[in-house]
Every structure is written in structure tokens, then in C-alpha cells.
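Notes to accompany the following structure.
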Amino acid sequence: MLLPPHEFAKPSSLAESLALLKSATGEVKLLAGGTDVIFNMRARLFQPEILLSIRELPELQEVFELADGSLSMGACRGTG
């Protein structure tokens, strides 16, 4: 089954992604890999105007050590 009509956006930075989210007038769904967004669109469970890919945003790929020795991992770390 084909996807309903939509715009696909793949910003190169988190700031660009947030600007797009802020300016969007219709529904936006985030696409990060490992999700069921595409399946649900094909099943017509929702029909967003924009699919926003955040999978490769550098800011969401970071892994760093915090002052207490614990690790902080970006939301998209390990999706590829």
C-alpha cells in the first residue's frame, strides 16, 4: 500500500529541525528508525503533512560522560 501524500524533511541540525517543528502548520511525525511510523501511515492510522527525519542529527548521536561518571547518550545513538 502506498503512503498518503506528505512532505519529507531531513534537516542537517537540531536547530533546523526545531525551527521546522515550530513553523509547521500541520501534523508532523518524527522518523528516527526502528519506529512504526511508515507502517501506520500505510495503514492510514495517521496522515501527517510532514515526515521529519531526525535519525542522522549529530546532536542526537553524542555519547559523553557526566560529572558523576554516568553516561549520557543521544536519542538516536545506535539506530543505524
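The values are calculated or read from the model by the stated rules, or taken from the named source; none is laboratory data. Since the structure is predicted, the reported quantities are computational estimates derived from the model, not experimental observations. Cβ sites come from the backbone with ideal geometry, for glycine too, and all protein chains shown count toward neighbours.
Between a first residue in segment 55-67 that is more than 9 Å from Ser13 (Cα to Cα) and a second residue that is surrounded by 10 or more Cβ atoms within 10 Å (Cβ to Cβ) and of a type in the set (Lys, Arg), which pairs have beta carbons less than 7 Å apart while being 6 or more apart in sequence or on different chains?
Cβ pairs passing all conditions: Gln61/Arg77; Val63/Arg77.
From the set of residues in segment 1-25 that are assigned to a helix (DSSP H, G or I) and hydroxyl-bearing (Ser, Thr, Tyr), which is nearest to the chain's Cα centre (by Cα)?
This residue is Ser17.
When only residues in segment 13-25 that are in contact (Cβ under 8 Å) with a residue 24 or more places away in the chain and within 18 Å of Glu59 (Cβ to Cβ) count, which is surrounded by the fewest Cβ atoms within 10 Å (Cβ to Cβ)?
By that ranking, first place goes to Ser13.
Quick one: in segment 26-36, which of the residues that are exposed (fewer than 13 other Cβ atoms within 10 Å of the Cβ) and in contact (Cβ under 8 Å) with a residue 24 or more places away in the chain is farthest from the chain's Cα centre (by Cα)?
Filtering segment 26-36 for residues that are exposed (fewer than 13 other Cβ atoms within 10 Å of the Cβ) and in contact (Cβ under 8 Å) with a residue 24 or more places away in the chain, the one farthest from the chain's Cα centre (by Cα) comes out as Gly26.
Of all residues in segment 37-51, which are polar (S, T, N, Q) and loosely packed, with under 14 Cβ neighbours inside 10 Å?
None; the set is empty.
Could you list, in sequence order, all residues of segment 49-65 that are assigned to a loop (DSSP other than H, G, I, E, B), more than 13 Å from the chain's Cα centre (by Cα) and modelled with pLDDT of 85 or more? Give the derivation first.
Just the residues of segment 49-65 that are assigned to a loop (DSSP other than H, G, I, E, B), to begin with: 49, 54-57, 61-62.
Next, only the ones that are more than 13 Å from the chain's Cα centre (by Cα) stay: 49, 62.
If the condition is that a residue be assigned to a loop (DSSP other than H, G, I, E, B), more than 13 Å from the chain's Cα centre (by Cα) and modelled with pLDDT of 85 or more, then Glu49 is the only one that fits.
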